[in-house]
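Shown next, in structure tokens, is the structure this report addresses.
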Amino acid sequence: MTTANTATKPLAVDIAIVGGAMAGATLALGLAKLSATLSPATLSRPLRIALIEAHVSNNNHPGFDARSIAIAHGSIFELNRLGIWLKLQHLGTAIENIHVSDRGHFGMTELNAKPLGLDALGQVVELAQVGKVLFEQLAKSSVEVFCPAKVTDLQAQQDGHLLSLDNGTQLHCQLLVAADGANSVVRQHLGQPTEQIDFNQTAIVANVSTDQPHQHWAYERFTQTGPLALLPMRSASTSSAANATKSSSASVQSRFSVVWALPPAQAEQLKHADKAEFLAALQQAFGHRVGNFVDVGQRVSYPLTLSYMPRPIYHRCIFIGNAAQTLHPIAGQGFNLGLRDVVGLLNVLEQAFSTYQLANTSTKVDVGSSAIVHQYLAARQADRDNTLRNIEFLVRGFSNQYWPMVAGRNLGLRLLSWLPPLKRPVAQTAMGWR
Ligand SMILES: Cc1cc2nc3c(=O)[nH]c(=O)nc-3n(C[C@H](O)[C@H](O)[C@H](O)COP(=O)(O)OP(=O)(O)OC[C@H]3O[C@@H](n4cnc5c(N)ncnc54)[C@H](O)[C@@H]3O)c2cc1C
């Protein structure tokens, strides 16, 4: 990995990605794969790809932190196509069933993998572990990784962008991809607007253990204060590649990752409460469907806002993942949507290279051209808009205690249980099938 560069001339690359967490790192690996599969007739030399990430993979990494996330079935399919899931699969815990309920009301429903002919609806992974694997893969790839290095300045130019890093390096790229998260420095430098909704909620995230095995069930419970999700996890001892060969049933799996959205003051209080008080409050909010909560690890909190760039593009620049939209974790869609941004961009570039090959012209593909940037915008607009609308509806609908709203959502959950064919589209959305 490059950490310093004293050269005065900017290093010329085709694509520079700012931010190397889930979105940026998967895009970099996807681009390296795309470059390797294009024939010399299409690409006279491999694509030069630079990835700039401010933090090394450790416990303080903002993108690869203590969070566990659910990766939907559709996203696993895409990660497989990119050759990435093969390296991550030993870290995953299958979600075979999802139980959805509304605390204190009659509505509840289940989504199950088996009736859909699947082994799993998705997989749960711990981001800290994923980060290590992705960076091992990047180190073996053709991507030029600048880490730790921060982009501190950028200048938009007619033929690309000039990036200045805090280690003195300058890079010139034809296409700039901003994957630098919710507070995107690239977005601020380019003065691009976002729309924001503050839900006045904070999520507490922690790993808990129960006295009953999870049996690969995930839970989403809507409470008066906000949604509470439990994701099944591997026992800590089976989360390594070496242990992955052991039968998973050999150890009792009774760990969950909890994501609990609460009013900020209550979240702050529970974050610092002693273990017994936290576990009692969790038990009270969730009930006994998974037995008793017996232990809790480190608690981390995240303020919950939704931010959204109406047009995630600029001159020779594309915004992906949390830089383009940061979602409420209610439906576990943040990275799933970010990965669809990654795949959308890869598809547009692949299409541009194959069109070039068919046209048999001598004009090279300009990866930052206005045509490519606008094709990306068109390809992503409908999916982004729909996902955002659905999440805002879910957050507002399920936090509301106005009685017609309570009755409506409980009836909705009941209908899903009574009429299994209705579940298929809901399950398909949850699994990231378009
Ligand atoms: C509590 C919680 C639960 C969630 N659960 C789920 C779930 O179940 N399923 C799901 O799909 N999603 C989930 N999400 C969302 C998911 O975690 C995020 O969407 C995803 O991790 C965002 O990745 P990203 O790469 O787009 O951005 P980020 O993770 O924000 O990464 C941005 C990166 O850019 C780097 N950076 C920033 N500025 C600079 C700079 N100037 N120079 C260089 N580097 C820079 C940062 O160091 C960072 O590594 C959850 C989120 C939360 C908060």
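The values are calculated or read from the model by the stated rules, or taken from the named source; none is laboratory data. Just so it is clear, the model here is predicted, and its values are computed rather than measured. Cβ coordinates were reconstructed from backbone atoms using ideal geometry, including for glycine residues, and neighbour counts include every protein chain displayed. Each accessible area value is taken on the protein alone, full model and side chains, heavy atoms only, with ligands, DNA and RNA left out. Shrake-Rupley method; radii C 1.70, N 1.55, O 1.52, S 1.80 Å.
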Only one of these is among the aromatic types (Phe, Trp, Tyr), crowded, with 19+ Cβ neighbours inside 10 Å and under 18 Å from the mean Cα position of the chain (by Cα): Phe64, Phe77. Name it.
Phe64
Hey, does the range 30-40 have a residue that's assigned to a loop (DSSP other than H, G, I, E, B) and without any contact (Cβ under 8 Å) to a residue 40 or more places away in the chain?
yes
Quick check on the range 295-315: of everything there that is open to solvent by 50 Å² or more (accessible area, probe 1.4 Å) and within 13 Å of the ligand (Cβ to nearest atom), which residue is farthest from Gln192 (Cα to Cα)?
Tyr302
How about the range 47-87: which of its residues are under 15 Å from Ser141 (Cβ atoms) and in contact with a helix residue (DSSP H, G or I) (Cβ under 8 Å, 6 or more places away or on another chain)?
Leu47, Ile49, Leu51, Glu53, Leu82, Gly83, Ile84, Leu86, Lys87
Would you pick out the residues in the range 31-55 that are within 16 Å of the ligand (Cβ to nearest atom) and open to solvent by less than 70 Å² (accessible area, probe 1.4 Å)?
Leu31, Ile49, Ala50, Leu51, Ile52, Glu53, Ala54
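Condition first: polar (S, T, N, Q) and buried (at least 24 other Cβ atoms within 10 Å of the Cβ). Now tell me which residues in the range 8-30 satisfy that.
Kept after step one, since they are polar (S, T, N, Q), are these residues of the range 8-30: 8, 26.
Within the range 8-30, just Thr26 meets the criteria.
Within the range 250-287, can you find the residues that are aromatic (Phe, Trp, Tyr) and outside any helix (DSSP H, G or I)? Can you show your working first?
Within the range 250-287, the first condition is being aromatic (Phe, Trp, Tyr), and the residues that meet it are 256, 260, 278, 286.
The answer is Phe256, Trp260.
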Out of all the residues in the range 99-111, is one or more within 12 Å of the ligand (Cβ to nearest atom) and not in a helix (DSSP H, G or I)?
no
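Every residue, every condition in (1) within 16 Å of the ligand (Cβ to nearest atom); (2) within 15 Å of the chain's Cα centre (by Cα); (3) modelled with pLDDT of 95 or more, yes or no:
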| residue | (1), (2), (3) |
| --- | --- |
| Val252 | no, no, no |
| Glu268 | yes, no, yes |
| Lys271 | yes, no, yes |
| Cys317 | yes, no, yes |
| Gly321 | yes, yes, yes |
| Thr326 | yes, yes, no |
| Val343 | yes, yes, yes |
Tally, over the range 114-173, of residues that are more than 30 Å from His214 (Cβ to Cβ) and part of a helix (DSSP H, G or I):
2
All conditions in (1) open to solvent by 50 Å² or more (accessible area, probe 1.4 Å); (2) touching a Cys at 6+ places or on another chain (Cβ under 9 Å) are true of Val185 except (2)
Return the total of residues in the range 139-153 being in contact with a helix residue (DSSP H, G or I) (Cβ under 8 Å, 6 or more places away or on another chain) and crowded, with 22+ Cβ neighbours inside 10 Å.
2
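Scan the range 216-237 and give yes if some residue there is open to solvent by 60 Å² or more (accessible area, probe 1.4 Å), more than 16 Å from the ligand (Cβ to nearest atom), modelled with pLDDT of 90 or more and over 18 Å from Arg67 (Cβ atoms), otherwise no. Don't jump to the end; show me each part of the working.
We begin by selecting, within the range 216-237, every residue open to solvent by 60 Å² or more (accessible area, probe 1.4 Å); these are 224, 236-237.
Within this subset, residues satisfying the condition of being more than 16 Å from the ligand (Cβ to nearest atom) are 224, 236-237.
The next check asks that each one be modelled with pLDDT of 90 or more; those that pass are none.
No, every residue in the range 216-237 fails to be open to solvent by 60 Å² or more (accessible area, probe 1.4 Å), more than 16 Å from the ligand (Cβ to nearest atom), modelled with pLDDT of 90 or more and over 18 Å from Arg67 (Cβ atoms).
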Residue count, the range 139-164, condition within 13 Å of the ligand (Cβ to nearest atom) and either among the aliphatic types (A, V, I, L, M) or under 23 Å from the mean Cα position of the chain (by Cα) (or both), comes to 9
